[in-house]
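I have placed the structure first, in the form of structure tokens, so that the comments after it can refer back to it.
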Amino acid sequence: MRTLHSVKRLSGEITVPGDKSISHRAVMFGSLAKGVTLVKGFLNSADCLSTMDCFQRLGVSIARDPKGPGTLLIHGAGMHGLTARGDEICRLDTGNSGTTTRIMSGILAPQPFASLLSGDDSVNSRPMRRVMDPLTQMGADITSVRGNGCAPLLIKGRPLTGITYHSPVASAQVKSAILCAGLYADGITTVYEPAKSRDHTERMLRAFGADIEEPGSFGVRIHPADELRTPGEITVPGDISSAAYYIAAASIVPGSEVLIRGVGINPTRDGILRAARAMGADITEVSRDDTGAEPIADLLVRTASLHGTVIEGSIIPTMIDELPAVCVMAAAAEGETIIRDAHELRVKESDRIEAMTNGLRSMGCAIIGTDDGFVIHGGAPLHGAPIACCKDHRIAMSFAVASLIADGETVLDDESCVRISYPGFFDDLESLVKE
Ligand code: S3P
């Protein structure tokens with residue numbers, strides 16, 4: 001439990017921890033490559049450690065923090081070097097991580113051994129047919145042990161063939177699972193999405209020497225590979241999903257000015273910047289670096305008087321994880337904000353439409369949860385309330401932001417879930433609070 005109060009203003013600099021999506025992929029591709037990969041800026045959070053743990057169980061040697069905090073040294077096993085270490089079925093615990101569960105299923109499907117992927121109650125109730133269906137079309141033998149389309153997933157490794165797949169959802173996890181399987185397949189694999197999801201897999205696989213093309217704006221094609229070659233070093237940028245809490249907080253707390261350093265601003269992830277600016281947010285890119293595989297910037301955020309907007313369509317996948325923080329901005333904004341086309345929020349670590357609607361309503365916000373989003377009439381003062389975080393890191397951090405402008409006490413029922421993506425969140429937020 002954590003009790004939070006409003007603050008006078010926020011000011012100072014913050015460096016957000018490494019990007020979660022990119023940290024997962026650095027472990028995965030570093031493990032599958034031949035040679036040694038040094039990862040810098042790795043996110044030491046529960047989700048990314050779940051991925052690391054899975055690959056260690058599969059026989060990959062990974063040293064944590066050998067060259068300072070946030071470094072990993074991965075001695076890649078090569079694409080054909082993973083092992084079940086003599087177990088009949090290799091059991092892998094994916095914790096709370098949907099990314100680990102889904103992308104690993106694509107990596108494990110073509111291996112010459114059987115594995116069982118299982119996570120916590122939340123992961124084991126999230127939809128997995130979205131990866132089971134395309135992988136099965138490729139020839140995979142993958143079953144939901146309880147027959148409900150969720151993990152635990154039993155995967156009996158088999159040779160795969162390339163397919164062309166039209167995904168019904170814009171999901172980087174689904175796309176990445178198929179692309180990873182495609183590396184091992186006989187023939188070319190192409191995935192088309194209804195809108196472009198984050199492209200970190202494509203960028204990183206290219207850096208590891210994979211042959212990837214992009215037919216049309218929403219398609220990705222991969223050629224089978226014999227091996228991946230390590231680029232030697234990978235630098236993980238700061239996570240824009242973590243930066244989103246400071247973008248929201250500095251925008252809504254009067255008199256604030258916060259510099260967020262080293263934020264990854266990949267165009268498939270920057271919807272939060274576009275949506276916040278459409279609401280009147282004052283965000284300046286004070287420096288920008290386009291030289292690496294992922295673009296990075298320092299962002300200066302100042303308080304602004306926000307107004308409502310409509311957020312819908314193809315911007316949604318580029319800010320899906322930031323929508324809870326945007327709901328808090330919308331609660332503080334004058335007028336109506338409408339968020340549509342975000343059904344995916346219902347199947348994240350919690351039902352985020354329900355969690356945000358219940359919590360913000362109890363704080364005095366006029367909010368309606370719809371099937372695929374929200375209608376929020378902002379501008380009314382917020383008051384503190386007991387908040388159910390639903391064991392969901394993004395819900396806990398969003399309500400911590402809301403508490404900064406709420407009268408009285410905001411009480412988070414269990415804030416420990418922030419360890420999933422941002423273990424130091426409360427200390428970092430506290431460091432910006434000024435009298
Ligand atoms: C992720 C993709 C997104 C996102 C998740 C991380 C990834 O999920 O919500 O936090 O690293 O590929 P979907 O693929 O389900 O959209």
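The values are calculated or read from the model by the stated rules, or taken from the named source; none is laboratory data. None of these values were measured; they are calculated from a predicted model. Glycine gets a Cβ as well: all are built from the backbone with ideal geometry, and neighbour counts include every protein chain shown. To get the accessible areas, we keep the full protein, side chains included, count just its heavy atoms, and leave off ligands, DNA and RNA. Shrake-Rupley method; radii C 1.70, N 1.55, O 1.52, S 1.80 Å.
The table for this structure:
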{"item": "Test: residue in the stretch 13-35 that is part of a loop (DSSP other than H, G, I, E, B), of a type in the set (Ser, Thr, Tyr) and within 16 Å of the ligand (Cβ to nearest atom)", "result": "no"}
{"item": "Residue match in the stretch 103-117 (condition: of a type in the set (Gly, Ala, Ser) and modelled with pLDDT under 95)", "result": "no"}
{"item": "The listed residue being part of a helix (DSSP H, G or I) and either acidic (Asp, Glu) or more than 14 Å from the ligand (Cβ to nearest atom) (or both), out of 369, 359", "result": "359"}
{"item": "Given (1) away from the ligand (no atom under 16 Å from the Cβ); (2) under 20 Å from residue 127 (Cβ atoms); (3) of a type outside the set (D, E, K, R); (4) open to solvent by 10 Å² or more (accessible area, probe 1.4 Å), number of the condition residue 99 does not satisfy", "result": "(1)"}
{"item": "When residues of the stretch 282-320 are limited to those that are within 23 Å of the chain's Cα centre (by Cα) and among the small types (Gly, Ala, Ser), the one nearest to residue 230 (Cα to Cα)", "result": "293"}
{"item": "Residue 250 outside the structural domain of residue 283 (by TED's automatic domain parsing) and touching a Leu at 6+ places or on another chain (Cβ under 7 Å)", "result": "no"}
{"item": "Residues satisfying the stated conditions in the stretch 218-235, i.e. open to solvent by less than 10 Å² (accessible area, probe 1.4 Å) and within 15 Å of the ligand (Cβ to nearest atom)", "result": "220"}
{"item": "Pair list, Cβ < 8 Å and 6+ apart or interchain, from the stretch 27-38 residues that are outside the structural domain of residue 94 (by TED's automatic domain parsing) to residues that are of a type in the set (A, V, I, L, M, F, W, C)", "result": "none"}
{"item": "Every residue from the stretch 315-350 that is crowded, with 17+ Cβ neighbours inside 10 Å, over 17 Å from residue 278 (Cβ atoms) and more than 10 Å from the ligand (Cβ to nearest atom)", "result": "324, 350"}
{"item": "Checklist (1) open to solvent by less than 40 Å² (accessible area, probe 1.4 Å); (2) more than 16 Å from the ligand (Cβ to nearest atom); (3) within 22 Å of residue 55 (Cα to Cα); (4) part of a loop (DSSP other than H, G, I, E, B) applied to residue 158, failing item", "result": "(1)"}
{"item": "Total residues in the stretch 201-220, condition in contact (Cβ under 8 Å) with a residue 24 or more places away in the chain and not basic (Lys, Arg)", "result": "12"}
{"item": "Search result, residues across the stretch 44-67 that are assigned to a strand (DSSP E or B) and of a type in the set (Ser, Thr, Tyr)", "result": "61"}
{"item": "Criterion (open to solvent by 20 Å² or more (accessible area, probe 1.4 Å) and either under 20 Å from residue 18 (Cα atoms) or in the same structural domain as residue 198 (by TED's automatic domain parsing) (or both)) met by exactly one of 299, 259, 273", "result": "259"}
{"item": "Selected residue (criterion: most open to solvent (accessible area, probe 1.4 Å)) from residues of the stretch 162-173 that are touching a strand residue (DSSP E or B) at 6+ places or on another chain (Cβ under 8 Å) and either touching a residue at least 40 places away in the same chain (Cβ under 8 Å) or not hydroxyl-bearing (Ser, Thr, Tyr) (or both)", "result": "166"}
{"item": "Conditions (1) in contact (Cβ under 8 Å) with a residue 12 or more places away in the chain; (2) farther than 17 Å from residue 201 by Cβ; number of the one not met by residue 131", "result": "(2)"}
{"item": "Residue 310 farther than 24 Å from residue 386 by Cα and either open to solvent by less than 10 Å² (accessible area, probe 1.4 Å) or small (Gly, Ala, Ser) (or both)", "result": "no"}
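For (1) among the polar types (S, T, N, Q); (2) in a helix (DSSP H, G or I); (3) touching a Gly at 6+ places or on another chain (Cβ under 8 Å), each residue gets a yes or a no:
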site	(1), (2), (3)
244	no, yes, no
250	no, yes, no
258	no, no, yes
262	no, no, yes
276	no, yes, no
284	yes, no, no
288	no, no, no
298	no, no, yes
304	no, no, yes
